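All remarks here apply to the structure that follows.
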Amino acid sequence: PVLRARNLKRELARCLCALGIMAGYRDALPEALAFLEEATEIAKAIGDRLTESGALMDLGFGRLLVDDLAGAREAFEASHVLSEKLGNPLLRAYATSKLGLLADAEERYGDALRLHKEANELFASVGDPGGTGYALSRASLSAFGLGDYPEALRLGRAGYEAFSEVNHRWGTIAALWRIGFA
């Protein structure tokens, strides 16, 4: 309310993103989506492309969680286009990784594996071991979907090592269950 009263739109958009992410963690997905949709609209209206791209990624993930694959695709693709226009390799890595998640959800495991590997290269190029953990761990799930269990195991272990390097607890847990599948 304070941000709205003071007409601080950039701050409001970023606050709504944070509220959306937190609502998602609480499994309050309709609330999360409402926050993220508003954040996206505000960021777009004021020309804050960085916040808009991030909000679109989070919005796409929320839509993915409610099984709205078409909505997730729309948000993820828009975020990817923005990240390319901004020329930010880290943002592009996350946007590419989100497209990989969508491909996995659509059971297009070959496409997903390619996207996760592309994201991994981008994360590695900027020295982000946490991002590398995401990409490799997610690629493990894609390899599993393709039936390539040795590759799934290798990628899961590599993701686990990257997450361990930065003490990313949730990531190490996710990598361990992907190793377990393999």
Which one is most open to solvent (accessible area, probe 1.4 Å), of the residues in segment 1-24 that are under 22 Å from A78 (Cα atoms) and small (G, A, S)?
A18
Filtered residues of segment 162-182 (kept if aromatic (F, W, Y) and open to solvent by 50 Å² or more (accessible area, probe 1.4 Å)):
W170, W177, F181
Any residue at all in segment 58-68 that is closer than 20 Å to E118 by Cα, touching a Phe, Trp or Tyr at 6+ places or on another chain (Cβ under 8 Å) and buried (at least 24 other Cβ atoms within 10 Å of the Cβ)?
yes
When you check A119 against the structure, is it aliphatic (A, V, I, L, M), at pLDDT 95 or above and either open to solvent by 60 Å² or more (accessible area, probe 1.4 Å) or over 16 Å from A158 (Cβ atoms) (or both), yes or no?
no
Meets criteria (part of a helix (DSSP H, G or I), open to solvent by 40 Å² or more (accessible area, probe 1.4 Å) and either closer than 28 Å to A28 by Cα or not small (G, A, S) (or both)) for R73:
yes
Within segment 125-149, considering residues that are surrounded by fewer than 16 Cβ atoms within 10 Å (Cβ to Cβ) and free of Cβ contacts under 8 Å to residues at least 12 places away in the same chain, the one nearest to L91 (Cα to Cα)
G127
Going by the conditions given, is P1 over 16 Å from the mean Cα position of the chain (by Cα) and modelled with pLDDT under 95?
yes
Does E52 satisfy being open to solvent by less than 20 Å² (accessible area, probe 1.4 Å) and closer than 26 Å to G100 by Cβ?
yes
Restricting segment 25-46 to residues that are open to solvent by 80 Å² or more (accessible area, probe 1.4 Å), under 15 Å from G60 (Cα atoms) and not acidic (D, E), the one nearest to the chain's Cα centre (by Cα) turns out to be Y25
For segment 161-170, state whether one or more residues are in contact with a helix residue (DSSP H, G or I) (Cβ under 7 Å, 6 or more places away or on another chain) and farther than 24 Å from S83 by Cβ.
yes
Enumeration of residues in segment 50-75 that are under 14 Å from the mean Cα position of the chain (by Cα) and within 18 Å of F123 (Cα to Cα)
S53, G54, M57
For segment 100-114, what are the residues that are part of a helix (DSSP H, G or I), without any contact (Cβ under 8 Å) to a residue 40 or more places away in the chain and in contact with a helix residue (DSSP H, G or I) (Cβ under 7 Å, 6 or more places away or on another chain)?
A103, Y109, D111, A112, L113
With criteria (1) open to solvent by 30 Å² or more (accessible area, probe 1.4 Å); (2) out of contact with any Ser or Thr (no Cβ under 7 Å at 6 or more places or on another chain); (3) farther than 27 Å from E11 by Cα, L102 comes up short on (1)
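The values are calculated or read from the model by the stated rules, or taken from the named source; none is laboratory data. It should be emphasised that the depicted structure is a prediction, and the values quoted were computed from it without experimental measurement. Every residue, glycine among them, receives a Cβ derived from its backbone with ideal geometry; neighbour counts consider all protein chains shown. Ligands, DNA and RNA are stripped out before the accessible areas are found, and what is left, the full protein with its side chains, is counted by its heavy atoms. Shrake-Rupley method; radii C 1.70, N 1.55, O 1.52, S 1.80 Å.
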